[in-house]
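Notes to accompany the following structure.
The values are calculated or read from the model by the stated rules, or taken from the named source; none is laboratory data. What you are looking at is a predicted structure, and each value in this text was computed from that prediction instead of being measured. Heads up, the Cβs are rebuilt from the backbone with ideal geometry, glycines too, and the neighbour counts pull from every protein chain shown. Heavy atoms of the whole protein, side chains included, go into the accessibility calculation; ligands, DNA and RNA do not. Shrake-Rupley method; radii C 1.70, N 1.55, O 1.52, S 1.80 Å.
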Amino acid sequence: MRMKQKTKSIVTALLLGVLCAVTLSAVITVPDWETARADLLIGMQYETTGLDLDAVPGWLAALVMLHQNFPLDGWAWGPAAAGLAVLLCWVRGQREAKPKRTELVLSIVFGIAEVLGLSICKLGSWAFVFKNPYQLCVGVLCMAGYAVLFYHAVWGLYALLGRSRTGGEDFPQTRFAAWFAKAPGRASSLLIGAAWLPWVAVFWPGSVDWDSWGQISQVLGVQEMTAHHTVLSTWLHGWLFRLGRALGSDNLGVFLYIVLQFLVCAWVFGQVTAFAARLGCSRGVQYAVTAFFALDPIWGAFIQTQVKDTLYTGLFVLFVLKTADLLLFPQEWQGSRPRMTAYAVLGVLCCLLRKNGIYAVVPMLLASAFTVSEKRLRRPVLAVLLAVCIGSFGFDTFTEKVLDIPAGSVGEALSVPMQQTARYIRDYGNEVTDGERTAIEKVLDYDAIAQSYMPELSDGVKQYYKNPGKGDLARYMLVWAKMLLKHPVCYFEATHANSHGYYTITKCRAINDYYTFNNDICMEMSEMNVHYLDKSGYLRYAFVQALSAFEKLPLVGLTTSIGFMAWLTAVLGLWLARCKAKPVLPVFIGLGIFWLTCIASPVNDCMRYFLPVAGCLPLVFCLAAVFSREKSEITV
């Protein structure tokens, strides 16, 4: 009986391994019939009865076209399938960690999202799945393969998390281990900073992206001062630049900001390691947290870039860490006014340095107030929430009403409908009535938006926003709704094309996503004398190519994928819910809201938008490593 069951398990794992290997080898394309005809002729070249290609049955045509979607000509896919089968066999043997129905449903959702995302990324539409019955069969097969792969990946992760033990001495006692264990936070910060130094040196004084150039220009008076990038962030960029210029160098002004975010982020990320040690995570987990921030090149790349999101990420990760600390160790917060005051100030900064920050901070605080185990802490946490709201709205009111700094354009929040309108005009412009065109013209340049439409970037359309009155905007939204009813798939594809990178494991943006360059043309326009010390660019180019190579490495390269990190965060959240880790679940409210704002953002697959969530991933993993099915409390 055991032999029969073991044989069944091996055969099942082998079949699933083949399915996963075939899925991973799939070419996202719609097969060409002419190519299929040529393949058929080659296969029938010795046929003496003759072959009527026009009368070829559909099933035979489909079999011939399969080679274009699954070109399994090489030898590598066989060992890959065998390796996957062995791995799946081990995973399926971990019965105690078998995922539940929720994870099964999530796996199906992942399979659908991954295949549709790959289709919209490679083909610009859902043609890979819905072009014809053949494509539907291929698409469903790939969805099943990705769902199986995801389900067993979750299963394996649960098995590893279930085996985790706290406080284990899993590494030999060496001088390095003793030094690290003495002060994990300080040691981690030093190691992280040391790993970032080559990036800072090679790209000295730092790269300045478009947004940062605009912020500096506003403070210098070259552009009108607005609240488009949040006023506090703009002031910080501009004042440090002016300080450097006053000291004799525009380069120094850029470098001062780089130093600020370098010190803040290195210290905060070290505190994540210190918190892991405090939770009782093994030394291996502490080393892994340090390695993630030190060796994953996305952090080195963003540390050398003057962009508001890097500094914000450090502060937001610290806010999430302090929230977790409050929820897990409430007794240490009881009666501590300085700690609560610092927590409130941190919350205000997280709201003022990024526009969507308040949407993550406020719900997290509200949930924490009703989740914290010490009921006496509810009023202090609600007081922090009130202080954050007053500080945030008060600052915005002061800058707008007293300092007369205008708020950002409403068009920034309309990226999704404007992209949908542009795609509709591009695909179905001949169906637009005169009345609909008139309503659109009041808000956007009708003739220009279809030509400027870029599926993964809404800037081409947003630039034609005319800041209309409320009446014209309302009439446009009515037309937008009518068009939605006419061609809903067009709208869904437009939104999917502009957001799939945040939930699909693929690299879809060809442009430099890490801002390892200086916007020289804009610099000259603003008379800013900022230039790299490495004038040849060879070293900088080598670092960029090393980053690109890291992205393509098996497994570890996934840590540069937004889609992978988003799904991993969601799975770790499910694990914590499964472990009934109620105290830390409010953390996921803020992370989830940030993820949703990324989906609604103007740029697809943009790492700097997702950076706050990526920065919190090691903290979430540490929480998941500590909690288990048998243990839902942390003992200090």
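Points to keep in mind about this one:
- A simple charge model with +1 on the Cβ of Lys and Arg, -1 on the Cβ of Asp and Glu and nothing else charged puts the dipole of the stretch 290-379 at about 460 debye relative to its Cα centre.
- Annotation: amide H-H contacts under 5 Å for GLN306 (H modelled 1.01 Å from N, sequence separation of 5 or more, or interchain): SER207, VAL208, ASP209.
- For the stretch 410-498, Kirkwood radius (reciprocal of mean inverse C-alpha pair distance, Å): 12.6 Å
- The stretch 544-626: trypsin sites (Lys or Arg not before Pro) falling in loop per DSSP and having at most 15 other Cβ within 10 Å: LYS552, LYS580
- Rounded to the nearest 20 debye, dipole of the chain from Cβ charges on Lys, Arg, Asp, Glu: 3160 debye
- Distance in nm between pseudo-label sites at ALA291 and LEU533 (7 Å out along the Cβ direction from Cα): 3.0 nm
- Helices in the chain that qualify as membrane-span-like (whole DSSP H runs, Cα extent of at least 27 Å along the helix axis, mean Kyte-Doolittle hydropathy of -1.0 or higher) are 2-24, 101-123, 133-162, 184-202, 250-279, 308-328, 378-397, 607-626.
- Two-decimal Rg to Rh for the chain - Kirkwood Rh, Cα set: 0.99
- Each of PHE492 and GLN331 was given a label point 7 Å from its Cα along the Cα-to-Cβ line. The distance between the two points is 5.3 nm.
- Sites LYS375 and ALA38 - FRET efficiency at Förster radius 60 Å, r taken between beta-carbons, to 0.05: 0.20
- Between the residues LEU352, ALA614, ALA276, the greatest Cα displacement towards the positive end of the dipole of the chain, with unit charges on the Cβ of Lys, Arg, Asp and Glu, is found for ALA276.
- Other residues with beta-carbon under 13 Å from the beta-carbon of GLU441 carry, at +1 per Lys or Arg and -1 per Asp or Glu, a net charge of -1.
- The length gained by stretching the chain between LEU366 and LEU386 to full extension, at 0.36 nm per residue less their Cα-Cα distance, is 6.2 nm.
- Dipole of the chain, positive end: most advanced residue of TYR428, VAL489, PHE564 [Cβ charges, Cα centre]: PHE564
- Length available on full extension from SER249 to ASN430: 0.36 nm per residue minus the Cα-Cα distance, which gives 59.6 nm.
- Rolling a 1.4 angstrom probe over the protein heavy atoms with all chains in place gives the stretch 82-228 an accessible area of 48 Å² per residue.
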